[in-house]
């Protein structure tokens with residue numbers, strides 16, 4: 001009798017657990033709209049952009065993509081091979097489809113990542129010979145600040161160098177303009193790993209940061225196709241294979257995001273000098289960042305990173 | 001469920017032709033996802049079996065295969081996360097992640113089950129109507145020893161079956177509690193090893209090791225009208241299947257959403273699939289009404305002709 005009761009209790013507990021985990025009939029309740037963008041070559045050419053109204057609870061990145069585009073999958077449906085006829089695996093097998101949700105590269109198959117109301121999904125087909133670890137991108141601003149990741153919003157902290165007060169204020173204003181409230185902290189303050197950090201300052205001041213120092217290691221580690229020189233006064237803008245295309249010096253700015261391990265992304269609003277940091281802070285704008293993996297500002301001109309063609313060509 | 005000689009045009013056809021017909025039906029089942037086509041292939045196999053006098057055998061096989069098909073139909077929607085129409089959510093499960101049951105995966109599970117049944121019916125027909133000795137004789141020029149080994153192995157299966165029944169009967173006659181099935185299996189296995197030693201000794205005595213490849217001509221027989229009719233039917237089915245696939249007849253897409261083209265061409269295709277293997281049964285000339293297990297008239301004619309040194313087409 002006791003054994004039977006134990007079994008009944010175990011079954012009841014299992015059923016309760018499945019119900020609590022979100023078990024139920026149908027696709028589930030809807031939770032607002034989601035956007036999906038499909039591009040080529042690091043966002044340089046848009047294949048399609050759609051808005052999906054009334055995203056159901058059970059929606060995954062794969063379902064959202066299949067609902068809006070013609071998708072070919074591999075390996076049991078978790079890996080995208082082609083979208084609208086553009087196949088991965090070409091040119092020596094180093095061109096493939098990658099996706100980011102709210103500016104953060106997902107580390108799971110597209111059929112395992114849920115889409116929540118307000119999320120933005122970005123698929124890009126590009127050559128990954130320069131870097132296969134582009135952990136975070138800035139082109140979905142105001143994400144990840146507005147909706148976070150996996151349905152969870154993160155607190156936003158603005159850490160500014162003392163020499164970049166004007167730029168810090170500009171960055172704060174730009175974030176406020178898109179409805180993101182960021183608390184201010186002094187540069188170097190320790191924060192928890194689940195806090196979105198926006199670091200503002202010259203590269204000489206920021207490069208000691210544990211996450212941002214990935215940029216000094218090159219695109220293969222950071223996913224940012226730009227590299228400062230040893231004293232941080234010159235900025236090399238790189239092509240998709242990590243080769244230097246342009247060197248920016250005085251007044252050059254950079255807006256980039258990196259992701260260290262399992263941490264949430266860290267954004268860098270930086271430059272070769274104070275002027276560069278200021279113009280980078282002003283570039284923290286929805287229109288200017290749209291569809292860019294990272295943005296450099298050289299001689300007052302926006303340069304999308306990686307550099308696909310010589311600026312001005 | 002093995003081969004038994006019966007008086008039917010299909011039994012009268014040579015082994016290569018009979019197996020060709022069954023393989024053509026299996027090919028249809030493997031090439032198409034459309035449930036109508038799969039049902040047509042299965043129906044064709046069942047009707048051909050009924051006309052060949054092995055309908056009861058096929059029905060028994062089908063009943064045995066049903067649990068297997070049911071398992072496929074139930075497992076696929078649980079294992080596959082493809083498809084856009086979610087009909088049940090299991091939520092986040094430990095180790096498995098998010099599990100959703102989609103309409104598409106459920107339908108595809110049923111399609112896979114139907115395909116399995118169609119293939120099983122095709123090969124059940126094959127084992128019921130194709131003389132295994134005649135079939136293995138086809139391969140004796142390729143590998144005489146392998147053909148002989150396979151023949152002996154297939155012959156031993158029904159012998160062991162009969163052994164098992166006899167031993168089980170004997171066990172039941174003994175007083176005391178009934179012995180376990182393990183004891184029965186042990187006795188049958190020991191008997192099989194004894195028989196294997198006897199067969200090996202017999203082969204040695206008969207000079208099995210000294211045998212040479214048989215000459216090409218002595219087993220060639222001219223094609224009978226049943227051979228030609230069923231051969232043409234098999235070729236027509238195979239050509240129809242491949243041609244229809246290339247032409248896109250009876251297109252059925254499951255993922256990401258269900259879509260079927262059940263037009264007049266698809267219906268005609270299914271009807272042709274059912275009719276083609278049945279047409280040769282219309283010609284029953286030369287097929288006697290002999291009892292099951294005996295030689296039909298064609299078999300007898302062939303036997304007599306072989307003794308005379310020739311066979312009439």
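The values are calculated or read from the model by the stated rules, or taken from the named source; none is laboratory data. Not measured: the values here are computed from a predicted model. Neighbour counts are summed over all protein chains in view; Cβ atoms, including those assigned to glycine, are modelled from backbone coordinates with ideal geometry.
Restrict the check to the stretch B:146-158 and report whether at least one residue is in a helix (DSSP H, G or I) and assigned by TED's automatic domain parsing to the domain that holds residue B:256. Checked against the condition, which is being in a helix (DSSP H, G or I) and assigned by TED's automatic domain parsing to the domain that holds residue B:256, the stretch B:146-158 yields no hits at all. If the condition is being crowded, with 18+ Cβ neighbours inside 10 Å and either in contact with a strand residue (DSSP E or B) (Cβ under 6 Å, 6 or more places away or on another chain) or not assigned by TED's automatic domain parsing to the domain that holds residue B:66 (or both), then the stretch B:94-110 contributes B:98, B:99, B:100, B:101, B:102. Inside the stretch A:225-241, residues that are modelled with pLDDT under 95 and outside any strand (DSSP E or B) make up a count of 9. Being away from every other protein chain (no Cβ under 14 Å), buried (at least 20 other Cβ atoms within 10 Å of the Cβ) and over 16 Å from the mean Cα position of the chain (by Cα) holds for only one residue in A:48, A:93, A:103, A:88, and it is A:88. Among the residues of the stretch A:60-79, how many are at pLDDT below 90 and more than 8 Å from chain B (Cβ to nearest Cβ)? Of the residues in that region, 3 qualify. Screening A:129, A:163 for residues that are surrounded by fewer than 21 Cβ atoms within 10 Å (Cβ to Cβ), in contact (Cβ under 8 Å) with a residue 24 or more places away in the chain and in a loop (DSSP other than H, G, I, E, B) leaves exactly one candidate, A:129.
All conditions in (1) on the phi < 0 side of the Ramachandran plot; (2) in the same structural domain as residue B:23 (by TED's automatic domain parsing); (3) buried (at least 16 other Cβ atoms within 10 Å of the Cβ) hold for residue B:91, with the sole exception of (1).
In the stretch A:253-269, the condition of being touching a helix residue (DSSP H, G or I) at 6+ places or on another chain (Cβ under 6 Å) and surrounded by fewer than 24 Cβ atoms within 10 Å (Cβ to Cβ) is met by no residue.
Would you tally the residues in the stretch B:246-265 being surrounded by 13 or more Cβ atoms within 10 Å (Cβ to Cβ) and under 22 Å from residue B:109 (Cβ atoms)? Residues that pass the stated criteria total 12.
Yes or no, residue by residue, for (1) closer than 30 Å to residue B:287 by Cα; (2) without any contact (Cβ under 8 Å) to a residue 60 or more places away in the chain; (3) not assigned by TED's automatic domain parsing to the domain that holds residue B:107:
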{"site": "B:51", "(1), (2), (3)": "yes, no, no"}
{"site": "B:56", "(1), (2), (3)": "yes, yes, no"}
{"site": "B:59", "(1), (2), (3)": "yes, yes, no"}
{"site": "B:83", "(1), (2), (3)": "no, no, no"}
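The set of residues in the stretch B:173-184 being under 30 Å from the mean Cα position of the chain (by Cα) and surrounded by 12 or more Cβ atoms within 10 Å (Cβ to Cβ) consists of B:184 alone.
Residues in the stretch A:117-130 that are within 15 Å of residue A:33 (Cβ to Cβ) and under 16 Å from the mean Cα position of the chain (by Cα): A:118, A:119, A:120, A:121. Checking each residue in the stretch B:202-230 for being surrounded by 10 or more Cβ atoms within 10 Å (Cβ to Cβ), at pLDDT below 85 and part of a helix (DSSP H, G or I) picks out B:208, B:219.
When the criteria are applied in full, residue B:5 fails the requirement of being crowded, with 19+ Cβ neighbours inside 10 Å, more than 14 Å from chain A (Cβ to nearest Cβ) and either modelled with pLDDT under 95 or out of contact with any helix residue (DSSP H, G or I) (no Cβ under 8 Å at 6 or more places or on another chain) (or both).
Taking (1) touching a helix residue (DSSP H, G or I) at 6+ places or on another chain (Cβ under 6 Å); (2) at the interface with chain B (Cβ under 10 Å from one of its Cβ atoms) in turn, residue A:115 satisfies each apart from (2). Among the residues of the stretch A:192-215, those identified as surrounded by 15 or more Cβ atoms within 10 Å (Cβ to Cβ) and within 13 Å of residue A:156 (Cβ to Cβ) are A:195, A:196, A:197, A:198, A:199, A:200.
Does any residue of the stretch B:228-246 turn out to be in contact (Cβ under 8 Å) with a residue 40 or more places away in the chain and in contact with a strand residue (DSSP E or B) (Cβ under 9 Å, 6 or more places away or on another chain)? No, the stretch B:228-246 contains no residue that is in contact (Cβ under 8 Å) with a residue 40 or more places away in the chain and in contact with a strand residue (DSSP E or B) (Cβ under 9 Å, 6 or more places away or on another chain). Scanning the stretch A:284-296 for residues that are touching a helix residue (DSSP H, G or I) at 6+ places or on another chain (Cβ under 8 Å) and buried (at least 24 other Cβ atoms within 10 Å of the Cβ) yields A:284, A:295. Taking the criterion of being away from chain A (no Cβ under 11 Å) and farther than 22 Å from residue A:74 by Cβ, the residues of the stretch B:73-105 that qualify are B:73, B:74, B:95. Going by the conditions given, is residue A:42 more than 14 Å from every other protein chain (Cβ to nearest Cβ), surrounded by 16 or more Cβ atoms within 10 Å (Cβ to Cβ) and under 19 Å from residue A:109 (Cβ atoms)? Judged against the criteria, residue A:42 is not a match.
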